[in-house]
Amino acid sequence: MKKVLMGNHAAAMGAMLARVDVVAAYPITPQTQSVELLAELHASGRFQGQFIPVESEHSAMALLLGAATSGARTFTSTSSQGLAYMHELLHWVSGARLPVVMTEVNRALAAPWNLWTDQTDSLSQRDTGWMQFYCSNNQEVLDSVLMAYKVAENVRLPAMVVLEGFTLSHTYEPVEVPDQQDVDRFLPPYRPSQVLDWKRPLSFGALAGPKDYFRLRRRMAADMERAGEIIEEVGREFGEQFGRSYGSVDPYRCEDADVVLVTSGAVGSTALEAVDELRRGGFKAGNLRVRCFRPFPLRAIRRWVRPGARLAVVDRNYSMGGGGIFFQELKAAFYGDSLRPPIYGTVVGLGGGDVTPELLQEIWRDAHQERVDPGREAWLEEAR
């Protein structure tokens, strides 16, 4: 069934179709409509899971920690300062190996106060042990919520489905909403191997000495690495059933590209128009949208970078003292690699600034004509 949905509502529909058992709800701009719609669906009887309002984002994730430990499929949504407030519990959930799924609606972090989008809030949580998926449109938001549960429950790690505030969260697009019976075939009920049950007493969150802690972290790291393969498998399976396939990356006209834009999120959609315009001008341009940030998909990226090509990374985020985060990750990933392409970095759109096709063409031309130094970053507000 086709519906015209804003990104927040696409996320809520995904949670309902996943037959989530427990929703922890706390509103924060710009994700509020996700939990509002779930509240309406619950009141009407269409969503039959438990809908629990809480007093803070920290409480929301603490509630899901307990619910998931009891064997429930769980969901919440947050943004910006709310995600930062959850930080402690993100580590608890991943370390407990619980497949919680959360949508994170990007909003710039204070100070100063800002309601608009950039990715620094979600990317600042990159070391918490959560998988991260960055969406380029509202269809992908709904689909990614469903796929995130399937991957998370396979590898027993939590997942964050990320969409940009206002750019996607409040923008309406046609979205194919799958039938519940089709989703049920794709995503069966959650069957955890261990649950909190007074009939079968177990210890959860106990103190671990150095040897046990090290071994548990090594096992968690191995499963995060294995998640890369599962993400590809689940994306293919989703395509076979619903006609829309997904991978860790989304390449566009990369096969013969001299310079490849490396983008993420909604900027990845805008980049398609920029690449087409450059191609019409006779330039060999391509775009590689990084859909999965954790685990970092170096193997998938490498498949679409031909020898001699250059990468122009577009970061709508910034790590103070470090640089654009995708730029950092790519440089580190390719260090020592035989391919080792020149990598150019540009920071754009912080705090919700427009990232236009013209700006992306300017970034591409800077790399193509070597007007900037590889390994150093430029900051661009608009095309020159």
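Just so you know, all these numbers are worked out from the coordinates, no wet-lab data involved. Every value quoted in this text rests on a predicted model; they were computed, and no experiment measured them. Cβ sites come from the backbone with ideal geometry, for glycine too, and all protein chains shown count toward neighbours.
Full extension from K199 to H87: what is 0.36 nm times the residue separation minus their Cα-Cα distance, to one decimal in nm?
That works out to 37.1 nm of additional length.
Taking the Cα atoms only, what angle lies between the long axis of helix 267-280 and the longest principal axis of the chain, rounded to 10 degrees?
So the inclination is approximately 30 degrees.
Considering the options L63, L298, P210, tell which one lies farthest towards the positive end of the dipole of the chain, charges being +1 on Lys and Arg and -1 on Asp and Glu at the Cβ, about the Cα centre.
Selected residue: P210.
Treat every Asp and Glu Cβ in the range 258-384 as -1 and every Lys and Arg Cβ as +1, leave all other atoms uncharged, and give the resulting dipole magnitude about the Cα centre to the nearest 20 debye.
680 debye
With a 10 Å Cβ neighbour count serving as the proxy for reagent exposure, in which order, fewest first, do T74, T69, T356 appear? If you can, show how the numbers build up before the last one.
On the way: T74 31, T69 19, T356 16.
Going from least to most buried by this count: T356, T69, T74.
Tell me whether the range 90-221 comes out rounded, prolate or oblate; compute the Cα gyration tensor, take square roots of the eigenvalues as a ≥ b ≥ c, and use a/c under 1.5 as the rounded threshold.
Values: a/c = 2.75, a/b = 1.35, b/c = 2.04.
It comes out oblate by the Cα gyration axes.
What number comes out for the charge environment of A62, summing +1 per Lys or Arg and -1 per Asp or Glu over other residues with Cβ under 13 Å away?
Local net charge: -3.
What Kirkwood hydrodynamic radius do you get for the range 97-164 when you take the inverse of the mean 1/r over all pairs of distinct Cα atoms, in Å?
Values: mean 1/r = 0.0805 Å⁻¹.
With all distinct Cα pairs of the range 97-164 included, I get 12.4 Å.
Kindly write out, for the range 106-114 in residue order, the coupling ³J(HN,Hα) from the Karplus curve 6.51 cos²θ - 1.76 cosθ + 1.60 (θ = phi - 60°), rounded to whole Hz, with x marking Gly and Pro.
For the range 106-114, the Karplus-derived couplings read 4, 8, 4, 7, 7, 9, x, 4, 8 Hz, x marking Gly and Pro.
Using a cut-off of 13 Å between beta-carbons, work out the net charge of the residues near M102 (Lys and Arg +1, Asp and Glu -1, M102 not included).
That sum, taken over residues with Cβ under 13 Å, equals -2.
Rounded to the nearest 10 degrees, what's the angle between the helix 32-44 long axis and the longest principal axis of the chain, both from Cα atoms, 0 to 90?
Helix 32-44 sits roughly 40 degrees off the main axis of the chain.
Which whole-number percent is the relative contact order of the chain (Cα, under 8 Å, 6+ apart)?
Contact order relative to length: 16 percent.
Where does helix 210-242 land angle-wise versus the long Cα axis of the chain, in degrees 0 to 90, nearest 10?
Around 70 degrees separate the two axes.
What is the calculated FRET efficiency for K2 to E240, with r their C-beta to C-beta distance and R₀ = 25 Å, to the nearest 0.05?
Values: r = 21 Å, r/R0 = 0.82.
Using R0 = 25 Å, I get an efficiency of 0.75.
Could you pull out every residue, at least 5 positions away or on a different chain, whose amide H is within less than 5 Å of the one on Q132? Hs are placed 1.01 Å off N in the peptide plane, and Pro or chain starts have none.
So Q132 has HN proximity to M160, F293, R294.
What ranking do I52, I325 get, fewest neighbouring Cβ atoms within 10 angstrom at the top? Kindly include the intermediate steps, with their values, before the conclusion.
Details: I52 16, I325 23.
Listed from fewest to most nearby Cβ atoms, that is I52, I325.
Rounded to the nearest 20 Debye, what is the dipole magnitude of the range 304-360 about its Cα centre when Lys and Arg each give +1 and Asp and Glu each give -1 at the C-beta?
220 debye
Dipole of the range 66-197 (Lys/Arg Cβ +1, Asp/Glu Cβ -1, origin at the Cα centre): which of Q181, Y149, G165 lies farthest to the positive side?
Most positive-ward Cα: Y149.
Given a Förster radius of 35 Å and the C-beta distance between K211 and D127 as r, what FRET efficiency does 1/(1 + (r/R0)^6) yield to the nearest 0.05?
On the way: r = 22 Å, r/R0 = 0.64.
Working from the Cβ atoms, E equals 0.95.
What's the Cα-based Rg to Rh of the range 249-379, Rh via Kirkwood?
Rounded to two decimals, Rg over Rh is 0.92.
Dipole magnitude of the chain about its Cα centre, charges +1 at Lys/Arg Cβ and -1 at Asp/Glu Cβ only, in debye to the nearest 20?
So the dipole magnitude of the chain works out to roughly 1280 debye.
Step by step: find N for the range 210-261, compute 2.2 N^0.38 Å, then divide the Cα radius of gyration by it. What's the final number?
Normalised Rg, Cα atoms only: 1.72.
Averaging sequence separations of C-alpha pairs under 8 Å and six or more residues apart, then dividing by the length of the range 249-379, give the relative contact order as a whole percent. List each step's numbers first, then the result.
Working: 233 pairs, mean separation 36.0, N = 131.
This gives 27 percent for the range 249-379.
Under the rule a/c < 1.5 gives rounded, and otherwise a/b versus b/c splits prolate from oblate, where does the range 2-242 land using the Cα gyration tensor?
rounded
Give me T76, T171, T346 ranked fewest to most by other Cβ atoms within 10 Å of their Cβ, as a rough exposure proxy.
Going from sparsest to densest Cβ surroundings: T171, T346, T76.
Using only the Cα atoms of the range 151-268, build the gyration tensor, take square roots of its eigenvalues as a ≥ b ≥ c, and label the shape rounded, prolate or oblate: rounded if a/c is under 1.5, else prolate if a/b is larger than b/c, else oblate.
Details: a/c = 2.20, a/b = 1.54, b/c = 1.42.
Taking the square roots of the gyration eigenvalues as a ≥ b ≥ c, the range 151-268 is prolate.
Multiply the residue separation of D354 and Y335 by 0.36 nm, subtract the distance between their alpha-carbon atoms, and state the gained length in nm to one decimal.
3.7 nm is the gain from fully extending D354 to Y335.
Could you check the simple spin-label distance between R376 and F283, using points 7 Å along Cα→Cβ, in nm with one decimal?
2.1 nm
Given a Förster radius of 41 Å and the C-beta distance between Q50 and R303 as r, what FRET efficiency does 1/(1 + (r/R0)^6) yield to the nearest 0.05?
Details: r = 43 Å, r/R0 = 1.05.
In this case the efficiency is close to 0.45.
How many angstrom separate the Cα center of the range 2-60 from the Cα center of the range 173-206?
Using only Cα atoms, the two centres lie 17 Å from each other.
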